[in-house]
Amino acid sequence: MARDVLFERGMRMLVCALLVAAPLGACSSKKTDPPAADNTAKNQRDSDKVPTADQGAQRGTDLDLTAKIRRGFMDADGLSTNAQNAKIVVKDGVVTLVGPVASAEESTRLEGIATSAGATTVINQLEIAK
């Protein structure tokens, strides 16, 4: 019996020592959130190389195609947030996809969604995250 009491006291002391020594919140199982997506640096780097949304159609069938592709991205199950937010630039039925994606599979899926939506040509400039 005395042995159990000593063991319990020892465990309490150990827990207290760990709580005091550990930084606040270190014992929490809550994961830290990833940093917010920000492609500003890439946008500036690529401004001369890749089309941007303002170069796409602002009305007509190209704009309808853009909306249809965006809906397809948003409705697709299992895509990362980056994939759902990939840039879609449509000009004369030609679709250019730009931005980061989580995998080659996501890149292929986005290209397929654009084709299914009615794109005559898809230029895939998606970057696979490392």
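We did not get these values from a lab; they are worked out from the coordinates using the rules stated. Because the structure is a prediction, the values reported are computed rather than measured. Virtual Cβ from ideal backbone geometry, glycine too; neighbours counted across all protein chains shown.
Under the 0.36 nm per residue contour assumption, what length would be gained going from the current alpha-carbon distance of ILE128 and THR81 to full extension? Please list the in-between numbers first.
On the way: separation 47, 0.36 × 47 = 16.92 nm, distance 1.33 nm.
Net length gain for the segment: 15.6 nm.
How big is segment 50-130 by Rg and Dmax over its Cα atoms, in Å?
For segment 50-130, the Cα radius of gyration and maximum Cα-Cα distance read 11.4, 37 Å.
Show me the ranking of peptides 86-94, 74-82 by mean Cβ neighbours inside 10 Å, starting with the highest. Present the calculation step by step, with values, prior to reporting the outcome.
Working: 86-94: 18.6, 74-82: 12.1.
Per-residue mean Cβ counts within 10 Å order the peptides as 86-94, 74-82.
In which sequence would VAL101, VAL122 go, from the one with the fewest C-beta neighbours within 10 Å to the one with the most? Show your work: numbers first, answer last.
Working: VAL101 24, VAL122 17.
Ordered by Cβ neighbours within 10 Å, fewest first: VAL122, VAL101.
Based only on other Cβ atoms within 10 Å, what is the fewest-to-most ordering of GLU106, GLU127? Could you put the intermediate results ahead of the total?
Details: GLU106 22, GLU127 15.
If I rank by nearby Cβ atoms, fewest first, I get GLU127, GLU106.
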